[in-house]
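One structure is given here, and the rest of the page talks about it.
The values are calculated or read from the model by the stated rules, or taken from the named source; none is laboratory data. All values reported here derive from a predicted model rather than from experimental measurement. Heads up, the Cβs are rebuilt from the backbone with ideal geometry, glycines too, and the neighbour counts pull from every protein chain shown.
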Amino acid sequence: MEYKIAVISGDGIGPEIIEEAKKVLLKVGSKFGHSFVFNHVLAGGCAIDATGECLPEKTLSICCDCDSVLLGAVGGPKWDDLPGDKRPEKALLGLRQELGLYANLRPALLFPELSDACPLKPELVEGGVDLLVVRELTGGIYFGEKGQCETECGTGAYDVELYTEKEVERIARLAFNMAMKRNKKLTSVDKANVLESSRLWRRVVNRVSEDFPEVELSHMYVDNAAMQLVRDPKQFDVIVTSNMFGDILSDEAGMVVGSIGLLPSASMRGGSFGMYEPIHGSAPDLGGKDVANPIATILSAAMMLRYSFGLSEEADAVEGAVKEFLKAGYRTQDIMTEGMKLTGTREAGDRIADAI
Ligand code: IPM
Ligand code: MG
């Protein structure tokens, strides 16, 4: 079977980590008899340099014509002074919005081989951490009205957090369905003691929960959730939350499991189409040095195999190869500990592809 993948390498370490994920997909293709066709398109800072726009129309239309999108990372200091709607990050938001990718799945799994890289006390993570953050991705404060205004105290600026019942309902439903496939525990994170939008969020989540009597639902304020993630991360199975809270909590979850360089993500809209990217950024200072950790991007490709193409055996093979690589003692610099073998980006990709 042939699968068409739009590939957005992006900026900083993006092109390097994407190359390794492609290497791994090609190995999966030859081993399992699939053909992956990569269509490279521009978005982010490199697109600004080449076309003047962070998200050219052509990029969007090619993404729409493909079965899925694989994305590295966008942004860098070179474009930091551009106004908000011209910045490379705007490409990411545009892709999410234009492709309707309202659900962002961010699994955080602590590999036993990496328990040394976890900054928490061993007893807090004993037996492993395995949680899934389901982040709403096309609503809330990221996409609400924003602007500047003149006030008596000088210039003011605002960003509006607005959620509709429909938006909350569809992300809640997806999160409940995910919980049904896992340990049937769902924590909805909000700030309902202060925010009206959170009170709506909570009402709708409670309503949806009536359709999922087997799932144990709890609600948690975001400040408490931030604390609980480092106090007792094992209490979580699936977390569902808004766009901004999910952005923050998923970085924290990344650190809990050792390094943000390990965390993949899938952005979905219901159905098989999805966009897959590491949750980390473009790390411009590491770009071009062959030191970046490609694991988050490789695991994102595994999520693509599983969620977009329904190839779970192949996805298992990729995840297994990553585990084998770590078990054999290989580490990129972000997760390097004493006695381990330091590898660069390319060597890591080669070894993981070889292990498939
Ligand atoms: C993420 C990133 C993005 C976000 C930025 C780069 C716009 O932090 O995917 O988590 O805030 O969504
Ligand atoms: Mg983020």
**OP:** Kindly check whether there is at least one residue in the range 272-294 that is over 20 Å from residue 74 (Cα atoms), within 16 Å of ligand 1 (Cβ to nearest atom), of a type outside the set (A, V, I, L, M, F, W, C) and in a loop (DSSP other than H, G, I, E, B).
**Re:** no
Subject >> helices (runs of 4 or more DSSP H) completely within the range 31-111 that count 3 or more residues being under 26 Å from residue 285 (Cα atoms) >> reply: 45-51, 89-98
Original post:
Does the range 152-162 contain at least one residue that is away from ligand 1 (no atom under 16 Å from the Cβ) and either under 28 Å from residue 229 (Cβ atoms) or surrounded by 19 or more Cβ atoms within 10 Å (Cβ to Cβ) (or both)?
Top reply: yes
Original post:
Before we move on, is residue 95 buried (at least 22 other Cβ atoms within 10 Å of the Cβ), aliphatic (A, V, I, L, M) and under 17 Å from residue 279 (Cβ atoms)?
Top reply: yes
Subject >> Answer from 274, 349 - the residue that is in the same structural domain as residue 12 (by TED's automatic domain parsing), of a type outside the set (S, T, N, Q), buried (at least 16 other Cβ atoms within 10 Å of the Cβ) and within 19 Å of residue 12 (Cα to Cα) >> reply: 349
**OP:** State all residues of the range 153-190 that are part of a strand (DSSP E or B) and in contact with a strand residue (DSSP E or B) (Cβ under 9 Å, 6 or more places away or on another chain); if no residue qualifies, say none.
**Re:** 155, 156, 157, 158, 159, 185, 186, 187, 188, 189, 190
Original post:
What about residue 339, is it out of contact with any His (no Cβ under 9 Å at 6 or more places or on another chain), in contact (Cβ under 8 Å) with a residue 24 or more places away in the chain, more than 23 Å from residue 14 (Cβ to Cβ) and outside any helix (DSSP H, G or I)?
Top reply: no
Subject >> Test result for residue 44, on the phi > 0 side of the Ramachandran plot and surrounded by 23 or more Cβ atoms within 10 Å (Cβ to Cβ) >> reply: yes
**OP:** Please find, within the range 100-112, the residue that is farthest from ligand 1 (Cβ to nearest atom) out of those that are touching a residue at least 40 places away in the same chain (Cβ under 8 Å) and over 16 Å from residue 296 (Cα atoms).
**Re:** 100
Subject >> The one condition in (1) buried (at least 21 other Cβ atoms within 10 Å of the Cβ); (2) more than 11 Å from ligand 1 (Cβ to nearest atom); (3) not assigned by TED's automatic domain parsing to the domain that holds residue 123 that residue 265 fails to fulfil >> reply: (2)
**OP:** Please state which one of 193, 206 is away from ligand 2 (no atom under 16 Å from the Cβ), touching a Leu at 6+ places or on another chain (Cβ under 9 Å) and outside any strand (DSSP E or B).
**Re:** 206
**OP:** Output the residues belonging to the range 229-262 that are in contact with a Lys or Arg (Cβ under 7 Å, 6 or more places away or on another chain), within 13 Å of ligand 1 (Cβ to nearest atom) and of a type in the set (Val, Ile, Thr).
**Re:** 241
Subject >> Members of the range 226-244 that are within 16 Å of ligand 2 (Cβ to nearest atom) and without any contact (Cβ under 8 Å) to a residue 60 or more places away in the chain >> reply: 226, 229
